[in-house]
1. Collect the residues in segment 185-211 that are in contact with a Leu (Cβ under 8 Å, 6 or more places away or on another chain) and either farther than 16 Å from residue 172 by Cβ or open to solvent by less than 40 Å² (accessible area, probe 1.4 Å) (or both), keeping them in residue-number order.
2. Under the condition of being charged (D, E, K, R), more than 7 Å from the ligand (Cβ to nearest atom) and surrounded by fewer than 16 Cβ atoms within 10 Å (Cβ to Cβ), which residue from segment 160-182 is farthest from residue 139 (Cα to Cα)?
3. Just a yes or no: is a residue in segment 131-142 among the β-branched types (Val, Ile, Thr), surrounded by 24 or more Cβ atoms within 10 Å (Cβ to Cβ) and assigned by TED's automatic domain parsing to the domain that holds residue 188?
4. With respect to residue 291, is the statement that it is farther than 22 Å from residue 89 by Cβ, part of a helix (DSSP H, G or I), at pLDDT 95 or above and not assigned by TED's automatic domain parsing to the domain that holds residue 134 true?
5. If a residue has to be within 16 Å of the ligand (Cβ to nearest atom) and touching a Lys or Arg at 6+ places or on another chain (Cβ under 8 Å) to count, how many in segment 267-287 make the cut?
Amino acid sequence: MEERNVIIIGSGPAGLTAAVYTARANLKPLVIEGYQAGGQLMITSEIENFPGFKEGVTGPELMADMRAQAERFGAEFITADASKVELAGDIKKVWIEDDVYASKTIIISTGASANYLGLDSESRLKGRGVSACATCDGFFFQNRTICVVGGGDSAMEEATFLTRFAKKVYLIHRRDQFRASKIMEKRAADNPKIEFIMNTIIEEVLGEDRVTGVRLKNRETGKVTDLPLEGMFLAIGHTPNTDLFTGQLETDDTGYIVTSSEKGRQSATSEAGVFACGDVQDPHYRQAITAAGSGCMAALDAEHYIEALEG
Ligand code: NAP
């Protein structure tokens with residue numbers, strides 16, 4: 001079995017940046033890009049905050065360009081999902097069904113997935129008024145009425161952020177108490193554009209081609225009402241895509257891969273030779289540019305690790 005220098009699992013901005021860097025370092029990376037290659041940016045609209053694109057760029061365009069850039073320097077791609085990994089020891093192994101690949105290092109960039117409510121109407125209207133990224137899509141709701149679903153810090157932050165664009169933001173929460181910190185809650189409560197709707201769940205997202213409203217059910221009274229609006233933002237948490245690594249790497253109590261410690265390690269995980277970058281290890285920033293930056297860090301860390309192996 002051929003032993004590779006670097007296998008990168010995942011192909012969002014973190015994985016592709018790691019691919020560009022390791023390819024330019026002549027490490028001939030193999031990128032297992034997944035069947036849903038490109039990550040979360042593939043479902044985002046225009047990206048206006050990625051430095052260097054003064055007119056903006058679409059998520060799919062940016063990902064295609066990053067991929068082509070990595071290929072230009074010799075990165076190889078497999079369009080499939082990794083099905084199993086063995087991360088311990090000097091030689092790591094990655095399976096794609098029955099095929100097995102061996103490598104000195106692994107860079108994990110499998111990302112995180114935004115949580116959705118799980119309604120059929122919600123998935124049908126994704127990208128048509130339903131969004132899980134206020135930073136990405138808020139701009140498109142100038143002077144509109146929208147809602148944010150959730151009761152944590154993200155919901156407060158996103159609702160407050162969205163008042164820059166929207167004329168009215170309903171914050172819909174399923175309980176009568178928020179999980180958010182008091183300071184974030186107060187900031188939202190003090191904002192005249194934000195109205196809290198408590199004890200309420202969303203039964204259905206209304207609209208054929210675009211969101212026209214949400215059907216609400218009050219959990220105390222059982223009363224069902226339709227609320228007209230043009231956008232629904234989910235802020236009910238993210239889940240890191242770590243199923244593949246269960247039991248093999250240290251994660252925090254919410255499942256994110258731990259990449260920093262008192263030892264000052266950067267992208268290194270708890271397993272020597274395994275590095276992680278992007279949203280799979282970042283519950284906080286979750287931006288394309290921070291993911292790309294951490295992909296660069298993982299590539300440099302992998303390169304130094306290989307250099308040290310070769311003595
Ligand atoms: P979170 O704290 O887990 O809150 C998720 C919220 O979504 C909760 O209020 C939860 O309701 C609600 N929720 C979950 N599933 C739901 C469902 N199926 N239907 C309806 N509601 C649902 O997540 P987060 O707000 O994304 O925050 C994640 C972490 O990042 C936290 O540690 C937070 O402090 C941090 N953060 C910090 C900042 C900041 O300091 N600037 C900003 C954003 C996030 P329940 O309350 O009923 O469970």
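1. 188, 194, 197, 200, 202, 205, 207, 210, 211
2. 176
3. No, that holds for no residue.
4. yes
5. Residues flagged as within 16 Å of the ligand (Cβ to nearest atom) and touching a Lys or Arg at 6+ places or on another chain (Cβ under 8 Å) within segment 267-287 amount to 1.
Quick grid of which residues meet (1) more than 24 Å from residue 128 (Cβ to Cβ); (2) touching a strand residue (DSSP E or B) at 6+ places or on another chain (Cβ under 7 Å); (3) not assigned by TED's automatic domain parsing to the domain that holds residue 148:
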site	(1), (2), (3)
175	yes, no, no
179	yes, no, no
182	yes, no, no
186	yes, no, no
190	yes, no, no
198	yes, no, no
201	no, yes, no
208	no, no, no
214	no, yes, no
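The values are calculated or read from the model by the stated rules, or taken from the named source; none is laboratory data. Because the structure is predicted, anything quoted here is derived from the model rather than measured. Using ideal geometry, Cβ is built from the backbone for each residue, glycine included, and neighbour counts are taken over all protein chains shown. Areas reflect the complete protein model, heavy atoms only, side chains present, ligands, DNA and RNA absent. Shrake-Rupley method; radii C 1.70, N 1.55, O 1.52, S 1.80 Å.
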